[in-house]
Amino acid sequence: MFFELHRGNVPPKIDEPHHALDLDQRFEIALRNAAKRWRQAVDRRLNRLDMSQASFMTIAATMHARFPLSQSELADKLATSRASMVHTVDRLVQGGLVKRESPATDRRVKRIVITDTGTHLYTIITEEVAAVRRQLLANIELEKLVHLTELLERLQREIPPSPEYSMFGDMPLDPGSNIGTCRGYPK
């Protein structure tokens, strides 16, 4: 049995033996699997550049920040552990993509600042990610894409963010979970 969506408070039940899951369960599974496959498609493209999503998202968060963030703030923003963020930032620093700066007011805090090399790589990778997005969405009708986008945006508004993370909505991708390096830079 599954439910057909309509404009009422209680969706009508539709009895069909081939629909083993409720529509909400099917939606959850489809959303989770689509997000996973989307990340995998992006990962494959980033791997060609020897870049992980974790590294790219750290660079992207640094680029989009209104002011330089600390490693802890980056970890919170990207919903990753602080230990993982230290390793990611270490690799990006070794690759010359970001640098650590201490504000004059507190030398203990290290703010992460994007370098010119990091900015250039961000531009290249953003173009690669856009190519993946175009490829994945190429066969989706515009009207359906608009509807799905509006539905997902509404769903985002209705789900409160987790209090331990300050996820940001202006980023093009979800954070990745694996840490990597950039081509030609130390591992």
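Every read-out reported here was derived from the displayed coordinates using simple, explicitly stated rules and does not represent laboratory data. These figures come from a predicted structure and were not determined experimentally. For neighbour counting, all protein chains shown are included, and Cβ atoms are generated from backbone atoms with ideal geometry for every residue, glycine included.
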Query raised in the report: the range 106-137: which trypsin sites (Lys or Arg not before Pro) are DSSP loop and have at most 12 other beta-carbon atoms within 10 angstrom?
Result: Arg107, Arg108
Report summary line: Kirkwood Rh over alpha-carbon pairs of the range 22-148 plugged into Stokes-Einstein at 4 °C, 1.567 mPa s gives a D in µm²/s of 79
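Using r as the Cβ-Cβ distance of Ala35 and Ser72, and R0 as 30 Å, what FRET efficiency do you calculate, to the nearest 0.05? Walk me through the numbers on the way to the answer.
On the way: r = 26 Å, r/R0 = 0.87.
Rounded to the nearest 0.05, the efficiency is 0.70.
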